[in-house]
1. With the condition being modelled with pLDDT of 85 or more, in the same structural domain as residue 474 (by TED's automatic domain parsing) and closer than 15 Å to residue 597 by Cα, I'd like the strands (runs of 3 or more DSSP E) fully within the stretch 657-724 carrying at least 1 qualifying residues.
2. Scan the stretch 380-391 for residues that are more than 14 Å from residue 459 (Cβ to Cβ) and either part of a loop (DSSP other than H, G, I, E, B) or more than 31 Å from the chain's Cα centre (by Cα) (or both) and jot them down.
3. Select the helices (runs of 4 or more DSSP H) contained entirely in the stretch 452-570, then report the ones holding at least 1 residues which are closer than 30 Å to residue 358 by Cβ and touching a strand residue (DSSP E or B) at 6+ places or on another chain (Cβ under 9 Å).
4. Can you go through 575, 546 and tell me which one is surrounded by 12 or more Cβ atoms within 10 Å (Cβ to Cβ) and either under 26 Å from residue 595 (Cα atoms) or assigned by TED's automatic domain parsing to the domain that holds residue 683 (or both)?
5. For the stretch 163-186, what are the residues that are in a loop (DSSP other than H, G, I, E, B) and at pLDDT 80 or above?
6. Any residue at all in the stretch 401-410 that's crowded, with 16+ Cβ neighbours inside 10 Å, at pLDDT 80 or above, touching a strand residue (DSSP E or B) at 6+ places or on another chain (Cβ under 8 Å) and within 13 Å of residue 361 (Cα to Cα)?
7. Between 414, 496, which is farther than 30 Å from residue 509 by Cβ and over 39 Å from the mean Cα position of the chain (by Cα)?
8. Checking the condition surrounded by 15 or more Cβ atoms within 10 Å (Cβ to Cβ) and at pLDDT below 85, which residue from 382, 321 passes?
């Protein structure tokens, strides 16, 4: 028996080769495997055969040792991932090969008898009976332990996955979401490199939004075409793509690249038979990469893809690939939410800017009477910052809005009654007396959803002080206009009646007709001023800009008014004055209004001064220099001053002097005739030319009205006859 076993040991390699040939049919499915994997299968087969022979030898001594060896074998093969059916078939095929060589041994050793064969057969039968128990049981036990471990591991992974989903669902910032996802992928799949590529819609390129294990330069500079490999294949299929490669260069990575030795079949040595050839490993170093790509596809667009990269050639179970695809779908939803949120924030910013730019206050409350929105103007009316009001009780509105109103208790009662009848869009008007006198109008309205269900209230707070002032001014305008026009109309009607009713001397008739003509001209001037103001306020005033000799224009007007009013008017002009680009008729109107006012409200001579200045126009006003010296940023300008020696204007009325119908409160001004629109029209005309007008005065020492115009408003050859509105 011992001699037979030694014989079998001598032919172990040959038996292995024969066993491989017998096993060739099983190996067919490994045709796509690497040479290393094929050699691994051969090594496993040879190891099983050698171990079995060793166990045969030990069986003679100790059956327990044999059983323990089989148990160890089963567990080790389970650890190595060797399939159980192939493991058992290896043993059964090995038994056939051993019997084949046992028969050869009987031929070689004639002293072996049939009883030895029967003994060997009895031993091997007992051994193989033990295999089913001793090998299979620990094999299955180990597999069960592995499954339990994997289940526990997967449970932990799924728990982590749920935490990830919860985390990224709450992240509306794309960068924060990508950082969390990349960190999770590296831990979940035990890789050192992961990346998320998003699509640039304009260039149709993929760019790395965030990555782990990759350089900043890569994130900053790299762009990939969606038509290039491997991205096109992944995006077109809509499923995960596994590749034994990576799109990164070595200097893109922040982690070292390991190398592995890959066994390959050595060439056959001359003189050796194919049967006796042995595998000889050679070890060229190469990186072992494996990459998995999963597309991020939303409902209406492709967002990009997510990828994980193993530098050790890691293989992934199908469930892991499915999980990555699921994560990519979750990423698509998260990106859609983030982009929707970004768009929402952008639109909200635009809406806030619009709502905060309006002059009216706006407050919205919900069904529970809590303030959900308030613009800055409404917060100013309540004298409370916006952050403190959002979420606060709506009871703060009447409490803070009406506290400075006249008779606040009555107003608050009216406010509460209005709330009860909000469906009628009630309007509440009242006046606040602190810090300034302000007339407010509060309009209330219900807020309903698309199903017309009541969900809250809205309040619009308008400052109607200006509106009331305009109404007052309109009433005053009508009164003044009526009074102003009544005087010349009364004269016209009176003189006309005398002419009709009486036979008058021709000299007297002529005098009356002159009075009628004079009063008609006065009435026409008033009507023209009113029409001019109406056109100006309606934005219909246009300018015909042409080069004008200002010295000649000033001389003509001063001479005309001096003869008409029989008053002294002096004119001071510079030695040389260039032409300026203006509308001559509009500028003549400014001259006439200013000089006529000076003649009307003051005795003594009137002085007109024309000079060259330098001016600088800036955001909140003007700066000017009377010197001729050039200064940085200043442009040439012409200044005209009209100075009288009248009563002057009180300081508190200086800002109102250019308002329509405003007159200084004095006995002389109240007796003076006119529309009260001359200075207002003059201001509009000067400002339409890009200039400025102002007044300087001291009570009892007269007034000096000055306006300044740019000298080079435009090139003369380009503005001749042009209308500017």
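The values are calculated or read from the model by the stated rules, or taken from the named source; none is laboratory data. This structure is a prediction, so every number in the text was calculated from the model and none was measured. Glycine gets a Cβ as well: all are built from the backbone with ideal geometry, and neighbour counts include every protein chain shown.
1. It comes to none.
2. 383, 384, 385, 390, 391
3. Result: 465-501.
4. Step by step, each of 575, 546 is checked, and only 546 is surrounded by 12 or more Cβ atoms within 10 Å (Cβ to Cβ) and either under 26 Å from residue 595 (Cα atoms) or assigned by TED's automatic domain parsing to the domain that holds residue 683 (or both).
5. none
6. No, the stretch 401-410 has no match at all.
7. Only one candidate qualifies: 414.
8. Within the list 382, 321, the selection yields 382.
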